[in-house]
1. Would you kindly compute the Cα radius of gyration of the chain and its largest Cα-Cα separation (Dmax), both in Å?
2. In degrees, nearest 10, range 0 to 90: what is the angle between the Cα axis of helix 3-23 and the longest Cα principal axis of the chain?
3. So, in Å, what gap is there between the alpha-carbon centers of region 5-47 and region 59-118?
4. So which trypsin sites (Lys or Arg not before Pro) in region 1-103 are both in a DSSP loop and have at most 13 other Cβ atoms within 10 Å of their Cβ?
5. Rounded to the nearest 10 degrees, what's the angle between the helix 58-82 long axis and the longest principal axis of the chain, both from Cα atoms, 0 to 90?
6. Angle check, please: helix 35-51 long axis (alpha carbons) against the longest principal axis of the chain (alpha carbons), in degrees 0 to 90, nearest 10.
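Only the coordinates and a few stated rules stand behind these numbers; no lab work does. In this text, all values refer to a predicted model and were calculated from it rather than measured experimentally. Because the Cβ atoms are built from the backbone with ideal geometry, glycine has one as well, and the counts that use them run over all protein chains shown.
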Amino acid sequence: MNIEKVIFSFFIVLALTLNFGFFLGEFDNPEHHNVYELFAVVIVNLIATVLKFGERTQMGAVLLATSLVASLQLIAAVLVWTFVVHVDNSGLTPTAIGTIVSLSGGALVANIISVVLLVIDISVQRR
């Protein structure tokens, strides 16, 4: 067992599960989406992105691309949250939380693609 692959896989799956946990709930209800969970998703996703920098294979490049997409969308969600709460002072209206959840949904799709690619990569290496 390669401990590096275990850590790499751990962070990819953790990013997916945290992102799913944030995304789950009524779409426009701010009480169903926790800011600390969004923060955890961003941090874990950034760690997973950094871990992918060492891969020099074609699969590693695609994994890095999906992780960069997820990180970009999650950072955009954090910026929207920060803007509506601290700059605009309009609060978490249903429209604002809908935008934040939509961005995290896009990141969720990218994280699902990462996990699918990881499983494909593992199954190819076994043969």
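1. 15.7, 56
2. Here the helix axis deviates by roughly 30 degrees.
3. Each part reduced to its Cα centre gives a spacing of 10 Å.
4. The qualifying sites are Arg56.
5. Once rounded, the angle reads 10 degrees.
6. 30
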